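The values are calculated or read from the model by the stated rules, or taken from the named source; none is laboratory data. Just so we're clear, the structure is a prediction, and the values are computed from it rather than from any experiment. Heads up, the Cβs are rebuilt from the backbone with ideal geometry, glycines too, and the neighbour counts pull from every protein chain shown. Note: accessible area is taken over every heavy atom of the protein model, side chains too, but ligands, DNA and RNA are not part of it. Shrake-Rupley method; radii C 1.70, N 1.55, O 1.52, S 1.80 Å.
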Amino acid sequence: MDLSSLPEFDGPGDQRGIGIIAPFDLAIERELWRWIPAEVSLHLARTHYEPVPVSRLMAELVSNTHHLEAATRDVLHVEPEVVAYLCASGSFVNGVEYEKTLVAAIEAAGAPAAVTTSGALAEAVLALQISRMCVITPYDEELTELLHAFLGQLGVTVLRSDYLGLGGGIWKVNYRTVAERIVAADHPDAQAIFVSCTNLRTYDIVDPLENMLGKPILTANQLTMWACLGRMDLPMMGPGRWLRDVFAGAKR
């Protein structure tokens, strides 16, 4: 066969990777891909299964630094540029200083850079100069209060809060329920609303609610991808105009 007759194949562009350490119960990986540009791939590892409901105990178990180090090593072979611990409760449950410990553990395992969901929240609070916020969680009261404590350490006052009290099946919550809870929990003096949990679907409600309420709707998966892409000097795709403006402002 005459190979000269083959057409030119440019092939795909160079792939860039993000390593994701997800809790064992993550069920909405599809949403993550919607926040990233086409040239970026996600490489997932999971924490060990823990036979407990969503709770403070689960958050502490899935944020064990030894597990995160092992999961980091599982994704390093495909050469991600950054590794993210994609878990809100696991990264805020023990406060701001422990979140830094998680980042250090991931980097010590060989990641070129590391992000956690709650660390990304802290970065957004600083970038958007937020001091007053409302929060929505799918958790129980205790875990929600620990989120309040984490935000308090960042200098953020929680003006209003709501929680669903779920011990599992968080990915099954529909958009309508989440949107209604966000609107009900808003406060006129709040500068933003944070929707916690990487297993809660939020992608398609962000833009409509930002337009309705006139303030940032910050969600766990959105923030994690935004922080990862920022380290790669790439813009976040999808909804969240305030976060996109942060990237655009940094590029000017």
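Here are a few things to note about the model shown:
- Scan of segment 204-218 for residues that are open to solvent by less than 30 Å² (accessible area, probe 1.4 Å) and either free of Cβ contacts under 8 Å to residues at least 60 places away in the same chain or over 21 Å from Ala127 (Cβ atoms) (or both), ordered by number: Ile205, Val206, Leu209, Glu210, Lys215, Ile217
- Residues satisfying the criterion are present in segment 70-82 (criterion: open to solvent by less than 50 Å² (accessible area, probe 1.4 Å) and not in a helix (DSSP H, G or I)).
- Complete set of residues in segment 82-115 that are among the β-branched types (Val, Ile, Thr) and without any contact (Cβ under 8 Å) to a residue 40 or more places away in the chain: Thr101, Val103
- Of all residues in segment 1-49 being under 19 Å from Trp171 (Cβ atoms) and either among the aromatic types (Phe, Trp, Tyr) or without any contact (Cβ under 8 Å) to a residue 12 or more places away in the chain (or both), the one that is least open to solvent (accessible area, probe 1.4 Å): Trp35
- Test: residue in segment 178-200 that is over 19 Å from the mean Cα position of the chain (by Cα), farther than 21 Å from Pro23 by Cβ and in contact (Cβ under 8 Å) with a residue 60 or more places away in the chain: yes
- Only listed residue being assigned to a helix (DSSP H, G or I) and touching a Lys or Arg at 6+ places or on another chain (Cβ under 8 Å), chosen from Leu159, Leu146: Leu146
- Of all residues in segment 50-69 being under 15 Å from Asn94 (Cα atoms) and out of contact with any Ser or Thr (no Cβ under 7 Å at 6 or more places or on another chain), the one that is surrounded by the most Cβ atoms within 10 Å (Cβ to Cβ): Met58
- Residue match in segment 94-110 (condition: of a type in the set (S, T, N, Q), under 22 Å from Met58 (Cα atoms), out of contact with any strand residue (DSSP E or B) (no Cβ under 7 Å at 6 or more places or on another chain) and not in a helix (DSSP H, G or I)): yes
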